[in-house]
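Student: Have a look at this one before I ask anything.
The values are calculated or read from the model by the stated rules, or taken from the named source; none is laboratory data. Fair warning: this is a prediction, and the values are worked out from it, not measured in the lab. All Cβ positions, even for glycine, are placed from backbone atoms using ideal geometry, and neighbour counts span all protein chains on display. SASA here: full protein model, heavy atoms, side chains in, ligands and nucleic acids out. Shrake-Rupley method; radii C 1.70, N 1.55, O 1.52, S 1.80 Å.
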Amino acid sequence: QEVCGLTWSPDGTQLASGGNDNKCFIWEFGHQNPRMEFTEHKAAVRALAWSPFQRNLLATGAGTADRCIRFFNTTTGTLIKSTETDSQVCSLQWSRSSRELVSAHGYSQNQISVWNYSNMSKIIDLKGHSSRVLHTSLSPDGTTLCSAGADETLRFWKIFNRQEKAKKTQSEASFKRGHWTRKIR
């Protein structure tokens, strides 16, 4: 099946792949066969992100028929938790300084959501793209998220502060700084 997503673990020992067959595989460097297979998703797995604060914690997200973010322990092979998002999950990014996760979405809402990982409560939805958010990237300092949409725009969102406290109010305050847009075509 076609591979939709790839990402290395922060320590470089594991590679996660997501595919159109609704599966996520965990590969170890130097091995030909996957070490682990996760089959819980009901749509293509394109969003993958390794936790920067907990070794072997992988967040995965899938398409419209699934609309869930799932968290797996890649040491034990267990599903830790799952959260319904109400729209296809296209991209995931962890905050580098707090236990928060950013998800980018397509049909039906085309939003970017920020979540508190501990209880998976939604902190905020950010709207600005008129079509599916295809991909995201976090700036080197971990404060700004760039989102690329099917509406042919790049949007820059000041989401996190450099020295965050692990409090919801800290993240909420950073959203007030706004975003800017760049047309890519």
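Student: Could you work out, for the stretch 13-122, what percent of all Cα-Cα pairs fall into each 10 Å distance bin, beginning at 0 Å and stopping at the bin that holds the largest distance?
Tutor: For the stretch 13-122, the pair-distance distribution reads 15, 50, 30, 5, 0.
Student: While we're looking at this one, here's another question. Evaluate the relative contact order of the stretch 1-144 (contact order divided by residue number), counting alpha-carbon pairs under 8 angstrom at least 6 apart; express in whole percent.
Tutor: Once normalised by length, the contact order is 14 percent.
Student: Still on this structure: Which residue, R70, R132, R162, tops the fluctuation ranking in a GNM of the chain built on C-alpha contacts under 10 Å?
Tutor: The residue with the greatest mean-square fluctuation here is R162.
Student: For the chain, what is the calculated [θ] at 222 nm in deg cm²/dmol (nearest 500), taking -39500 (n - 2.57) for each run of four or more DSSP H residues and dividing by its residue count?
Tutor: -1000 deg cm²/dmol
Student: Using the heavy atoms of the protein chains alone and a 1.4 angstrom probe, what is the accessible area of the stretch 1-74 per residue in square angstrom?
Tutor: Each residue of the stretch 1-74 exposes 48 Å² on average to a 1.4 Å probe.
Student: Given a cut-off of under 8 Å on Cα pairs at least six residues apart, what relative contact order in percent is computed for the stretch 1-73?
Tutor: 24 percent.
Student: At a 1.4 Å probe, what is the % contribution of carbon and sulfur to the accessible area of the stretch 97-143?
Tutor: Solvent-exposed carbon and sulfur of the stretch 97-143 make up 48 percent of the total.
Student: Can you pull the percent of the stretch 48-95's accessible area that's carbon plus sulfur, 1.4 Å probe, other chains left in place?
Tutor: Here carbon and sulfur together make up 42 percent of the probe-accessible area.
Student: Let me ask something else. When the chain is fully extended, how far beyond the present Cα-Cα distance does E37 get from I124, taking 0.36 nm per residue of separation?
Tutor: 28.1 nm
Student: Find the all-direction average of the projected area of the Cα convex hull for the stretch 98-143, expressing the result in square nanometres with one decimal place.
Tutor: Mean projected area of the Cα convex hull: 3.6 nm².
Student: Any idea of H129's accessible area? Nearest 10 Å², probe 1.4 Å.
Tutor: The accessible area comes out at roughly 20 Å².
Student: Ok, one more. Calculate the FRET efficiency for K158 and R99 from the Cβ-Cβ distance with a Förster distance of 22 Å, rounded to the nearest 0.05.
Tutor: Approximately 0.70, to the nearest 0.05.
Student: How much of the pair distance distribution for the chain lies past 26 Å, counting alpha-carbon pairs only, in percent?
Tutor: Percentage above 26 Å: 27.
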